[in-house]
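The values are calculated or read from the model by the stated rules, or taken from the named source; none is laboratory data. Source: prediction; values computed, not measured. Please note: Cβ atoms are built from the backbone with ideal geometry, for glycine as well, and neighbour counts cover all protein chains shown. Accessible surface is based on the protein model in full, side chains and every heavy atom, while ligands, DNA and RNA are left aside. Shrake-Rupley method; radii C 1.70, N 1.55, O 1.52, S 1.80 Å.
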Amino acid sequence: YRTSWLLPGAVAGADESPLSATARALRHELGLSITPGRLLVVDWVPPSPTRIEGLLFVYDGSTLVPEQSAAITLPAGELRSWAWCTDDELPDRLPPHMLRRIQAALQARAEGTTLYLENGSPVVDVRV
């Protein structure tokens, strides 16, 4: 229902942690019961006419084994496809703010850090 791709995710419910919401989204959107890994990115998103401000958390999803990839199932009527893609393909599939967020997450994963962003962009060199 969108023109670009997104990471699996969900809004945390009442009394639900961001980590639990992420695990729930992975089960719902991909049919995978996996525990999200290390926190890679915290991204503050400002309000806009169509949404309130929010904090987005990106966790390390780890590397899936072939059996996990083969077991991915999408919720009927909600998502129609998924695909692996290379770093070079990301700009064609993602909106700019999501591209910046994912590139930051890949950097944080490679460096073993956690990055703080605002609307997908680093504002200071804050590493945890």
Residue within the range 103-112 that is surrounded by 10 or more Cβ atoms within 10 Å (Cβ to Cβ) and either more than 21 Å from residue 38 (Cβ to Cβ) or β-branched (Val, Ile, Thr) (or both) present: no
Pick from the range 86-101, criterion over 18 Å from residue 46 (Cα atoms) and in contact (Cβ under 8 Å) with a residue 40 or more places away in the chain, ranking: surrounded by the fewest Cβ atoms within 10 Å (Cβ to Cβ): 93
Single unsatisfied condition, residue 68 versus (1) touching a strand residue (DSSP E or B) at 6+ places or on another chain (Cβ under 9 Å); (2) surrounded by 14 or more Cβ atoms within 10 Å (Cβ to Cβ): (1)
Helices (runs of 4 or more DSSP H) wholly inside the range 46-128 that include at least 3 residues being closer than 19 Å to residue 4 by Cα: 90-93, 96-111
Single match in 40, 32, 7 (criterion: open to solvent by less than 30 Å² (accessible area, probe 1.4 Å) and either under 21 Å from residue 76 (Cβ atoms) or part of a loop (DSSP other than H, G, I, E, B) (or both)): 32
Selection count, the range 71-83, where residues are surrounded by 10 or more Cβ atoms within 10 Å (Cβ to Cβ) and hydroxyl-bearing (Ser, Thr, Tyr): 1
Criterion: touching a Ser or Thr at 6+ places or on another chain (Cβ under 9 Å), open to solvent by 90 Å² or more (accessible area, probe 1.4 Å) and either at negative phi or not aromatic (Phe, Trp, Tyr) (or both) - qualifying residue of 27, 51: 27
Qualifying residue in the range 104-116 (condition: in contact with a Ser or Thr (Cβ under 9 Å, 6 or more places away or on another chain) and touching a residue at least 12 places away in the same chain (Cβ under 8 Å)): yes
